[in-house]
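Student: Supplied in structure tokens, the structure appears directly below.
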Amino acid sequence: MDVLTTQVAIIGSGPAGLLLGQLLYKAGISHIIIEQRHADYVAARIRAGILEQVSVDLLKQAGVDQHLNEVGLAHEGIEILTDGVKHRIDLHKLTYGKQVIVYGQTEVTKDLMQARQQANLTSYYEAHDVQVHDFTSSQTDQSSPYVTFTQDGQAYRINCDFIAGCDGYHGVCRASVPQDKIKTFEKVYPFGWLGVLADVPPVADELIYVQSDRGFALCSMRSKTRSRYYLQVPLTDKVEQWSDERFWEELKNRLDTESVKNLVTGPSIEKSIAPLRSFVTEPMRFGQLFLAGDAAHIVPPTGAKGLNLAASDIAYLSSALVEFYTTGSQQGIDEYSEKCLKRIWKAERFSWWMTHLLHRFESDSEFDLKIKQAELAYVLDSEAGQTTLAENYVGLPYELKALELNH
Ligand code: FAS
Ligand code: PHB
């Protein structure tokens, strides 16, 4: 068995793990990333598309924002289409100058992987049978946390001070916490999102969130020449049932006349159905094990919060670890879970609210539908209503002093 020692063992090489690794590297804290999949698989995953300004600031802090600054698209508003009429939410005006950046998670992952490679940092991809051990040993115990795994038939043990569980919803870290030490909260939605990526120009300059009698749709993008579209579909649907032609026809059925006229269709380069759930783990820290990102929480993508919540967890965790290693203080570590969960639950509420408001639920009675229409009409007709949507959409502030981010 190969035995290695590092300060922080990071499980998972998605956005959370990679961003944490980059911020720890910038602060001179040793770490190793252990990932179960091949690097190419991780780099190719098609997921989120919207970055909050605070996430962009964090990527700048990590020194990986060059390509993002070159090609990221600043968006100062979104459209909400209901009853055939588009209503623009002026994010920039309503939040006194904030915006979001359209930049695919695939690009974020590639930027972080490239920076990691350039810094020649240690990652183990295609790691199997990853296990986390002794993460609740007290400081006085002789034992300390360690991780074991195999790769290419070779067994490894990594001794460390801390383990960061950045291994997503299906990861091993949350599953390794004793059941009596953890509480989870979950809501599973009775529909999925059928997503299509196509190299066609976007139907509009800004995103269009569609509430229609036939179900939700979303018109998004990755660039001026690459579009991302979603349709609400029943959970029983299989992607094989959706030809490109059927997808484009159904999207047109849910759009307004002007958008149908402007829509450019083409062959899908990626097509998949993602389930929707709201999920939160409490707490997010267990001794020397921290959960971050999808390992700790999931939101329905309606509010574009998933990737951004992973970023805010990493802002808090990296700040806490840097504080510990530079001053010996445990304050950030002890406050990690509570600080993350305060922002997570607000994003969970917003994502649930947007999903509830814009999707068609079979369980909706006629009264429920009338109430939903009235709620959406109130939001769209009132500056107060639009402001609450806008300030959540651009991202609520972190509880971190600027200097804490300056590793
Ligand atoms: P990730 O799941 O990205 O990464 C976890 C990593 O850990 C993976 O690489 C996995 O292989 C690895 N891992 C798992 N188990 C392991 C083990 N035992 N040992 C080692 N490694 C292990 N968010 C949005 O904001 N907008 C969207 O439109 C959107 N669409 C999505 C569509 C899909 C299909 C999915 C699944 C998610 C979507 N999300 C979206 C949310 C998504 O972007 C996540 O929030 C984001 O990937 C979170 O990043 P991580 O926490 O790093 O988790
Ligand atoms: C995307 O472009 O993938 C996207 C954008 C906004 C969302 C969800 C997904 O709310």
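The values are calculated or read from the model by the stated rules, or taken from the named source; none is laboratory data. Remember, it's a predicted structure, so these values are computed and weren't measured experimentally. We place every Cβ from the backbone using ideal geometry, glycine too, and count neighbours over all the protein chains shown.
Student: Any idea which of 84, 153 is on the phi > 0 side of the Ramachandran plot, without any contact (Cβ under 8 Å) to a residue 12 or more places away in the chain and more than 16 Å from ligand 2 (Cβ to nearest atom)?
Tutor: Checking each option against the conditions leaves just 153.
Student: Only residues that are within 16 Å of ligand 1 (Cβ to nearest atom) and part of a loop (DSSP other than H, G, I, E, B): list them for the range 207-222, please.
Tutor: If the condition is that a residue be within 16 Å of ligand 1 (Cβ to nearest atom) and part of a loop (DSSP other than H, G, I, E, B), then 207, 216, 222 are the ones that fit.
Table: residues versus (1) β-branched (Val, Ile, Thr); (2) part of a helix (DSSP H, G or I); (3) within 22 Å of the chain's Cα centre (by Cα).
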| residue | (1), (2), (3) |
| --- | --- |
| 323 | no, yes, no |
| 326 | yes, yes, no |
| 339 | no, yes, yes |
| 346 | no, yes, yes |
| 362 | no, no, no |
| 368 | no, yes, no |
| 373 | no, yes, no |
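Student: Let me ask something else about it. I'd like the full set of residues that are under 22 Å from residue 239 (Cβ atoms) and in contact with a Phe, Trp or Tyr (Cβ under 7 Å, 6 or more places away or on another chain), limited to the range 170-215.
Tutor: Residues satisfying the conditions are 190, 193, 194, 195, 196, 210.
Student: Is there a residue in the range 301-309 that is under 29 Å from residue 392 (Cβ atoms), surrounded by fewer than 22 Cβ atoms within 10 Å (Cβ to Cβ) and among the hydroxyl-bearing types (Ser, Thr, Tyr)?
Tutor: no
Student: When only residues in the range 224-242 that are in contact with a Lys or Arg (Cβ under 8 Å, 6 or more places away or on another chain) and within 14 Å of ligand 1 (Cβ to nearest atom) count, which is nearest to residue 264 (Cα to Cα)?
Tutor: 228
Student: Please find, within the range 169-197, the residue that is nearest to residue 270 (Cα to Cα) out of those that are part of a loop (DSSP other than H, G, I, E, B) and away from ligand 1 (no atom under 16 Å from the Cβ).
Tutor: Here the residue is 182.
Student: Look through 200, 280 and report the one residue that is within 14 Å of ligand 1 (Cβ to nearest atom) and either hydrophobic (A, V, I, L, M, F, W, C) or in a helix (DSSP H, G or I) (or both).
Tutor: 280
Student: Tell me which residues, restricted to the range 183-211, are acidic (Asp, Glu) and surrounded by 19 or more Cβ atoms within 10 Å (Cβ to Cβ).
Tutor: Once the filter is applied, which keeps residues that are acidic (Asp, Glu) and surrounded by 19 or more Cβ atoms within 10 Å (Cβ to Cβ), the range 183-211 yields only 206.
Student: Let me ask another. With 51, 20 as the choices, which residue is touching a residue at least 12 places away in the same chain (Cβ under 8 Å), in a helix (DSSP H, G or I) and under 25 Å from residue 167 (Cβ atoms)?
Tutor: 20
Student: How many of the residues in the range 99-128 are assigned to a helix (DSSP H, G or I), within 12 Å of ligand 1 (Cβ to nearest atom), under 17 Å from residue 34 (Cα atoms) and not aliphatic (A, V, I, L, M)?
Tutor: Summing the residues that are assigned to a helix (DSSP H, G or I), within 12 Å of ligand 1 (Cβ to nearest atom), under 17 Å from residue 34 (Cα atoms) and not aliphatic (A, V, I, L, M) in the range 99-128 gives 1.
Student: Moving on. Among residues belonging to the range 56-81 that are surrounded by 20 or more Cβ atoms within 10 Å (Cβ to Cβ) and over 17 Å from residue 222 (Cα atoms), point out the one that is farthest from ligand 2 (Cβ to nearest atom).
Tutor: 62
Student: Identify, please: which residue in the range 21-54 is within 14 Å of the chain's Cα centre (by Cα) and within 10 Å of ligand 1 (Cβ to nearest atom) and is, among those, surrounded by the most Cβ atoms within 10 Å (Cβ to Cβ)?
Tutor: 51
Student: Let me ask something else. Restricting the search to the range 1-17, which residues are more than 16 Å from ligand 2 (Cβ to nearest atom), surrounded by 24 or more Cβ atoms within 10 Å (Cβ to Cβ) and not in a helix (DSSP H, G or I)?
Tutor: Correct list: 8, 9, 10, 11, 12, 13.
Student: Write out, first by first residue and then by second, each pair whose Cβ atoms fall under 6 Å of each other, whose residues are 6+ apart or on separate chains, and whose first residue, in the range 391-407, is modelled with pLDDT of 85 or more while the second is crowded, with 17+ Cβ neighbours inside 10 Å and part of a loop (DSSP other than H, G, I, E, B).
Tutor: 391/95; 394/95; 394/98
Student: Hey, residue 136 hits all of (1) assigned to a loop (DSSP other than H, G, I, E, B); (2) surrounded by fewer than 21 Cβ atoms within 10 Å (Cβ to Cβ); (3) away from ligand 1 (no atom under 13 Å from the Cβ); (4) under 23 Å from the mean Cα position of the chain (by Cα) but one; which does it fall short on?
Tutor: (4)
Student: What residue, of 126, 79, 52, is touching a strand residue (DSSP E or B) at 6+ places or on another chain (Cβ under 7 Å), farther than 30 Å from residue 382 by Cβ and charged (D, E, K, R)?
Tutor: 126
Student: Suppose we keep only residues that are free of Cβ contacts under 8 Å to residues at least 24 places away in the same chain and of a type outside the set (A, V, I, L, M) within the range 248-281. Which one would you say is farthest from residue 338 (Cα to Cα)?
Tutor: Across the range 248-281, the extreme among qualifying residues is 261.
Student: Checking the structure you have, find out if any residue of the range 253-274 is assigned to a strand (DSSP E or B) and farther than 14 Å from residue 46 by Cβ.
Tutor: Within the range 253-274, not a single residue is assigned to a strand (DSSP E or B) and farther than 14 Å from residue 46 by Cβ.
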